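Just below is one structure, and these are the notes that go with it.
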Amino acid sequence: NALELDLRIAIESGDLTLAYQPLVDAATQALTGVEALVRWNRPGYGPVSPEVFIPIAETSGLIESLGLFVLRKACDTAKQWPELNVSVNVSPGQFRNPAFTDYVRYVLKQTEIEASRITLEITEGYMIQNPQRTRQSIERLKGLGVKVALDDFGSGFSSIGYLRQFGFDRIKIDRSLVMGVNEDKRQREMLQATVALARSLDIPVTAEGIETEGQAVAMRLFGCDSLQGYLFGKPMVAERITDMLNELR
Ligand code: G
Ligand code: G
Ligand code: NA
Ligand code: MN
């Protein structure tokens, strides 16, 4: 298939790029970190969404090299931003690989990045399907010193009771929930209860997909310590993040 072949070529020739989206402190709105998001400009076609090509990478065995590229690039780039944390998405196909911890260790060593500045984000869908393996993998990754976050929380069917035993360092509330925080009373109450429960387990919470000041205020009020969304910045090239830091320095 042509798309798969082009993707293979893009990975091999390093034609994928990373965009970085700001994460800010909920109280001060100061920049505290970035989430790395992979981008592919397919020659002759234009941008293809990761929502399209990540699943293709998964089924065609390309996810390992794609994931390795993303992690290495993000760690390398992060070295110019010593004050920031950097989040990297990990897809189920990477996480499932027993060698995943080994290659994370390898990249950390190779790029000489401080492990504690890296957060690996895994989606709740994977966790539910493989609770036992997830627990073991998280333990091994945390042994390397990296942080592990549960991404897209609330988008699926996860039991919040699971949260503590998995040892997540952070949860990220899915933007599909955050969107309705000031529109739908039940949604609002659900969100409030979810954040409160996470906090009662001492797990810090990020709200994703913040687009309005009103959403930011509400999520902060509920107890989120960190916010992400177009209100604070869309995914952008690394140079723009550097500019943002220079304006603050
Ligand atoms: O950046 P964008 O909104 O287009 O991302 C769409 C989806 O692709 C999101 O669910 C996001 O988590 C996922 N995604 C973006 N970059 C990466 C990546 O580097 N690795 C993995 N596994 N998923 C990614
Ligand atoms: O699944 P994940 O949380 O990794 O998805 C991240 C993606 O969500 C990013 O690629 C980004 O394009 C998108 N995103 C981030 N913030 C916002 C936002 O405020 N509004 C919308 N509509 N999308 C967002
Ligand atoms: Na993600
Ligand atoms: Mn994410």
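So, of the residues in segment 204-246 that are among the β-branched types (Val, Ile, Thr) and touching a residue at least 60 places away in the same chain (Cβ under 8 Å), which turns out to be nearest to Gly167 (Cα to Cα)?
Looking at the filtered set, the residue picked out is Thr206.
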Study note, to complete from the structure: For segment 141-162 the number of residues that are away from ligand 2 (no atom under 16 Å from the Cβ) and either modelled with pLDDT of 95 or more or under 17 Å from the mean Cα position of the chain (by Cα) (or both) is 6
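Condition check ((1) at pLDDT 95 or above; (2) touching a Lys or Arg at 6+ places or on another chain (Cβ under 6 Å); (3) within 16 Å of ligand 3 (Cβ to nearest atom)) across all residues:
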{"position": "Arg8", "(1), (2), (3)": "yes, no, no"}
{"position": "Leu18", "(1), (2), (3)": "yes, yes, yes"}
{"position": "Pro22", "(1), (2), (3)": "yes, no, yes"}
{"position": "Gln29", "(1), (2), (3)": "yes, no, no"}
{"position": "Val34", "(1), (2), (3)": "yes, no, yes"}
{"position": "Glu51", "(1), (2), (3)": "yes, no, yes"}
{"position": "Ile56", "(1), (2), (3)": "yes, no, no"}
{"position": "Arg72", "(1), (2), (3)": "yes, no, no"}
{"position": "Ala78", "(1), (2), (3)": "yes, no, no"}
Check your understanding: Of everything in segment 1-43 that's farther than 22 Å from Ala238 by Cα and surrounded by 14 or more Cβ atoms within 10 Å (Cβ to Cβ), which residue is nearest to the chain's Cα centre (by Cα)?
Key -> Ala26
Review point. Do any helices (runs of 4 or more DSSP H) entirely within segment 153-249 hold 1 or more residues that are farther than 19 Å from Tyr20 by Cα, and if so, which?
Key: 163-166, 175-178, 185-200, 213-222
Practice item. Please give the number of the condition Thr123 fails out of (1) closer than 27 Å to Ile160 by Cβ; (2) surrounded by fewer than 17 Cβ atoms within 10 Å (Cβ to Cβ); (3) at pLDDT below 95. Key: (2)
Exercise for review: Tell me, please, whether a residue that is closer than 19 Å to Gln136 by Cβ and among the basic types (Lys, Arg) can be found in segment 78-99.
Suggested key: yes
Exercise for review: Could you tell me which of the residues Ser60, Ser13, Ser87 is within 14 Å of ligand 4 (Cβ to nearest atom), of a type outside the set (Phe, Trp, Tyr) and either more than 20 Å from Ile118 (Cα to Cα) or in contact (Cβ under 8 Å) with a residue 60 or more places away in the chain (or both)?
Suggested key: Ser87
**Study point:** The lone exception for Ile113 - which of (1) modelled with pLDDT of 90 or more; (2) assigned to a helix (DSSP H, G or I) it fails
**Key:** (2)
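The values are calculated or read from the model by the stated rules, or taken from the named source; none is laboratory data. Everything numeric here is computed off the predicted structure, so don't read it as measured data. Don't worry about glycine lacking a Cβ; one is built from the backbone with ideal geometry, like all the others, and counts go over all protein chains shown.
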